[in-house]
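Notes follow once the structure below has been shown.
The values are calculated or read from the model by the stated rules, or taken from the named source; none is laboratory data. Here the structure is a predicted model, which means the values were calculated and not measured. FYI the Cβ positions are ideal-geometry reconstructions off the backbone, even for glycines, and counts take in every protein chain you see.
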Amino acid sequence: MFSMKSMTEPPTRQESRTQFNEDWAATVIGLVLLVLVIVGVIPPGLIP
Amino acid sequence: MTETQSPAPARSAGLHIVLGVVVVLALGAATRFLEKNVPVWFEGDVAKAIEYPVYAIVLGLIGNAILTATGWRERLEGGFRTEFFIKTGLVLLGASINLKVIVTAAGPAIIQGILLITSVFLFTWWLAGRLGLDDKLRALLSAAVSICGVSAAIAAAGAVQARKEQLAYTASLVIAFALPSIFLVPWLASVFGLTDEVAGAWIGGNIDTTAAVTAAGALVGEDALAVASIVKVTQNALIGIVVIALTAWFAFRVERTPGAKAPGIGEFWTRFPKFVLGFVAASVIATWYLGTVPAAEGKEVIAVANDLRVWFLILAFVSIGLEFKVSSLREAGWRPVVVFGSAAVLNLVLALGLALLLFSGFTV
């Protein structure tokens, strides 16, 4: 009736590594932006 | 990139990723422009109620159609970093969560969140199992419908190592169900004659995406928006716990082959979505910061972090529109739609019952 094959294949090593890096990248960039906001480098009104 | 690739194609691929990001940023800027100006151009509640996810997804889908027709979509898709944008947005969301405020001012929100997430998650997991869905898709659908939509699905996808197609499919379902809820739930709340606080708790407990909760809460009123936000934020904070449970379940039960050594703490760590740590850290930093400055100053500064969060979520929604493939919906068939629809109805009824029970005497 329909195939679920491609949805059950395990992720490739390349994808796992990309996801791993994206997690840390998101954490570092998110926290750096927050700190920049708190110390006033990104002041109110700068973000459009 | 692999080491065997020649420099020319690698350079070309890099250029395509940069071009893809430029497309996402341009559509994100257009989204922000529409979000600010449409309510000015058109008077009325509907124009005001249309929030950035709607513009972002529609513009993303239009961009998707144009790029597909011109043969550019597949070349640029390396720049459509939905997961990175949402994860960064979630880390920044941590800055608007003061755990102390939630615990002291919104005890009922925590009880509602725990009861609702547990029952809806287990029901969805059970129904998806009965209909024979793949375990990873079960986890994604259950997390998405019971916690907070796309972001919970992304957190769950990291925990169970789901495929990108499964995530894209779940995100499509979340959006397909969340958009009508923005208008349906406030309308039902008015038909049932609910107080603003109960309506807010219902909206926050039932609607999946944080953006849609904000839009629906604002339609009902300021008090409803406040309660809806507290309930939603509580659910967001519970993502980490659900993710840890899913990580353990998949590492120790679902994917453990007979005779294989039990996965150790290292496996658990590999599967744990690290951005959850950023989310918690941002909450700790913001809570500490708000305790050291006057309230008005703190509010103004955290509002800047919220603006940045909205930008990242806009880029994520644009990317979802750009990445959307009808083939992934067609391939999965009708069963996940039945699972998601049934769980959404259960969520709607349970959230209403719990909101009435826990928030009837509550005032903001």
inquiry  = Based on this model, can you work out whether B:Leu179 counts as surrounded by fewer than 24 Cβ atoms within 10 Å (Cβ to Cβ), modelled with pLDDT under 80 and not small (Gly, Ala, Ser)?
reply    = yes
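Condition test on B:Gly204, is it at pLDDT 85 or above and outside any loop (DSSP other than H, G, I, E, B)? It would help to see each step written out before you state the result.
Numbers: at pLDDT 85 or above: yes; outside any loop (DSSP other than H, G, I, E, B): yes.
So B:Gly204 fits the description; yes.
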ask   = Of B:Ile86, B:Ile117, B:Ile110, B:Ile102, which residue is at pLDDT 85 or above and in a helix (DSSP H, G or I)?
value = B:Ile117
message = Quick check on segment B:134-148. Is at least one of its residues on the phi < 0 side of the Ramachandran plot and modelled with pLDDT under 85?
response = yes
query = Is it the case that A:Ser16 is assigned to a helix (DSSP H, G or I), at pLDDT below 95 and either at negative phi or facing chain B (nearest Cβ under 7 Å) (or both)?
reply = yes
note = Sole miss for B:Ile285 among (1) at pLDDT below 90; (2) under 29 Å from A:Pro48 (Cβ atoms) is condition (1)
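Would you kindly identify the helices (runs of 4 or more DSSP H) lying entirely within segment B:125-196 that contain at least 1 residues that are over 20 Å from the mean Cα position of the chain (by Cα)?
Working: elements: B:135-146, B:149-160, B:164-192.
Because the criterion is at least 1 residues that are over 20 Å from the mean Cα position of the chain (by Cα), the helices (runs of 4 or more DSSP H) in segment B:125-196 that meet it are B:135-146, B:164-192.
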request  = Enumerate the pairs (first residue in segment B:53-74 and touching a residue at least 12 places away in the same chain (Cβ under 8 Å); second residue anywhere and of a type in the set (Ser, Thr, Tyr) and surrounded by fewer than 20 Cβ atoms within 10 Å (Cβ to Cβ)) with beta-carbon separation below 8 Å, excluding pairs fewer than 6 apart on the same chain, so at least 6 apart or on different chains.
outcome  = none
message = Residue under question is B:Val293, and the condition is that it be part of a loop (DSSP other than H, G, I, E, B), surrounded by fewer than 24 Cβ atoms within 10 Å (Cβ to Cβ) and within 14 Å of chain A (Cβ to nearest Cβ); does it hold?
response = yes
task = Could you give me the residue pairs with C-beta distances under 9 Å whose first residue belongs to segment B:295-317 and is farther than 11 Å from A:Pro44 by Cβ and without any contact (Cβ under 8 Å) to a residue 40 or more places away in the chain, whose second residue is surrounded by 16 or more Cβ atoms within 10 Å (Cβ to Cβ) and not hydrophobic (A, V, I, L, M, F, W, C) wherever it lies, and which are 6+ apart or on separate chains?
result = B:Gly298/B:Tyr289
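Output the residue which, of all residues in segment B:214-231 that are within 14 Å of B:Pro180 (Cβ to Cβ) and modelled with pLDDT of 75 or more, is surrounded by the most Cβ atoms within 10 Å (Cβ to Cβ). I'd like the intermediate steps shown before the answer.
Of all residues in segment B:214-231, those within 14 Å of B:Pro180 (Cβ to Cβ) come to B:215-216, B:219.
Cutting the leftovers down to modelled with pLDDT of 75 or more gives us B:216, B:219.
Working: B:Ala216: 30, B:Leu219: 22.
Ranking the qualifying residues of segment B:214-231, first place goes to B:Ala216.
If you go through segment B:42-61 one residue at a time, do you hit one that is modelled with pLDDT of 85 or more, within 14 Å of chain A (Cβ to nearest Cβ) and in contact with a helix residue (DSSP H, G or I) (Cβ under 9 Å, 6 or more places away or on another chain)? Don't jump to the end; show me each part of the working.
First, pick out the residues of segment B:42-61 that are modelled with pLDDT of 85 or more: B:55-56, B:58-61.
Keeping just the survivors that are within 14 Å of chain A (Cβ to nearest Cβ) gives none.
For segment B:42-61, residues modelled with pLDDT of 85 or more, within 14 Å of chain A (Cβ to nearest Cβ) and in contact with a helix residue (DSSP H, G or I) (Cβ under 9 Å, 6 or more places away or on another chain): absent.
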